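The values are calculated or read from the model by the stated rules, or taken from the named source; none is laboratory data. Everything numeric in this text was worked out from a predicted model, so none of it was measured. Here the Cβ positions follow ideal geometry from the backbone for every residue, glycine too, while neighbour counts run over all protein chains shown. Accessible surface is based on the protein model in full, side chains and every heavy atom, while ligands, DNA and RNA are left aside. Shrake-Rupley method; radii C 1.70, N 1.55, O 1.52, S 1.80 Å.
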Amino acid sequence: MMAYLVGSVSGRPIPITKNPCLWSQWLLSSRASISIRNNNVAAVVRSICGHGSSSINTFKAKAMSREEPERRFPPQHQDGQPGKEYLMDPRPIFSNPDYKPTNKLKGKVALVTGGDSGIGRSVCYFFAKEGATVAFTYVKGVEDIDAKYTLEIINDAKISDAGDPIAIPTDVRYDKQCKKVVDEVVAKYGRIDVLVNNAAVQYNAYTLDDITEERLERIFRTNIFSHFFMTRHAVKHMKPGSSIINTTSVLGFSGSPKFIDYASTKGAIVNFTKSLAIFLIDKKIHVNGVAPGPIWTPLEAAALDDEDIAILGSQAPMNRAGQPFEVGSAYVFLASNDASYYTGTFLHPDGGLLDNNAIPRVHNNQNTENP
């Protein structure tokens, strides 16, 4: 029997979970965030989008004068991965109120791994706005609050012709779990037209001893094994013209001294995407990737220390971190018929990092005598 809290988000009652105190915390914080979203996000988005060449000039001037960048985000800490969006300060911006959908994905069924928060949440939102029926995965017991809110977001954004969204708790590290996810989506919707492999974890490393065998297996299973598992089960239910979109990172191209294992998985995704694109070309399934730069997401909030959080985005030529909404629309393009001549290609919403050879660096204040 399902009980409900007194109150709702967007007119729907909120179910009580096994951890009602967390729901209470979320309700109190979301009340303010919903108000901000309705009243001020348009102004914030326009301010963000207005940073162009002047920001690049500012960045260059600071680099030449070796000034320390100002603090972008307040100190915060989360225990463990995956990160939780509802705990972040400030909340990431997943939607653009000025976005004008044109039914680019109408009639399509999309599966997004790690769709409960961050870039994944924004992708789900934009897909729903464009007419897609959306299913997404999340980690049960860790991401429940974010997942429930994302369901509300999709329901508010979707068009009337789209099917009801579903949130599927799972552990994408394991093949059997990935198969169950695909089977559930196909059983409900009949097929998969768009697969977005997006789930990921990230840890910093001050020495190679930090990268234990257990940690290495977890990050590779989450970040790249899951791509293999989800893809090989999903392609059996994908028709010509379908799309697979893999989330890599600017670090997959540049490398990173502090995120060696994470960057290695993202480099693997680059090669997986290129190889798979050719492998599936006769089936007319398009395979592309998105390689974001510094984006304000739970991944960063849970992995970075206070010093790195404070200056996130300062090394990008645009001199700021991006927001999820500035990445989500890239997935719409790759999932739509507009990208019919794209395969094995990457889009780079990274504030100019890769193209300007501004390799991201991070602070390392610990002893590195033992590499």
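Where the centroid of each part is defined by its Cα atoms, how far is the range 116-132 from the range 189-250 in Å? Going from one Cα centre to the other spans 18 Å.
Solvent-accessible area assigned to carbon and sulfur over the range 242-295 amounts to 62 percent, based on a 1.4 Å probe. Taking a Cβ cut-off of under 11 Å around Gly131, the surrounding Lys, Arg, Asp and Glu residues balance to a net charge of +3, with basic ones at +1 and acidic ones at -1. Residue-wise HN-Hα couplings along the range 315-330, as the Karplus relation 6.51 cos²θ - 1.76 cosθ + 1.60 with θ = phi - 60° gives them from phi, are 8, 6, x, 7, 6, 6, 7, x, 10, x, 5, 7, 10, x, 5, 5 Hz; Gly and Pro carry x. Annotation: amide H-H contacts under 5 Å for Gly322 (H modelled 1.01 Å from N, sequence separation of 5 or more, or interchain): Ile295, Trp296.
Taking the average, over residues, of other Cβ atoms within 10 Å as the packing measure, peptides 140-152, 106-118, 168-180 rank 106-118, 140-152, 168-180 from highest down. With protein chains left intact and a 1.4 Å probe, residues in the range 282-321 average 27 Å² of accessible area per residue. Less than 13 Å apart at the alpha-carbon level, and either on another chain or at least 8 residues along: which aspartates and glutamates does that give for Lys140? Within reach: Asp116, Asp171.
For the range 64-184, what does the alpha-carbon gyration tensor say about shape, rounded, prolate or oblate, given a ≥ b ≥ c as the root eigenvalues, a/c under 1.5 as rounded, and a/b over b/c as prolate? Numbers along the way, then the final one.
Values: a/c = 2.31, a/b = 1.35, b/c = 1.71.
Oblate.
Net charge dipole, the range 89-208: roughly 320 debye, given to the nearest 20, about the Cα centre with Cβ charges of +1 for Lys and Arg and -1 for Asp and Glu. Scalar couplings 3J(HN,Hα) for the range 273-282, obtained by applying the Karplus form with A = 6.51, B = -1.76, C = 1.60 to θ = phi - 60°, are 5, 5, 5, 5, 4, 6, 4, 9, 5, 5 Hz; x denotes Gly and Pro. How far apart, in nm, are two points set 7 Å out from the Cα along the Cα-to-Cβ line at Ile159 and at Lys176? Output for this residue pair reads 4.1 nm. Across the range 86-99, computed HN-Hα scalar couplings (Karplus, 6.51 cos²θ - 1.76 cosθ + 1.60, θ = phi - 60°) run 5, 8, 7, 9, x, 5, x, 9, 9, 10, 10, x, 8, 5 Hz from first to last residue, x flagging Gly and Pro.
Find the accessible area per residue for the range 63-157; the probe is 1.4 Å, ligands and nucleic acids are left out, and the unit is Å². Intermediate values should be presented prior to the final figure.
Values: 3810 Å² over 95 residues.
The answer is 40 Å² per residue.
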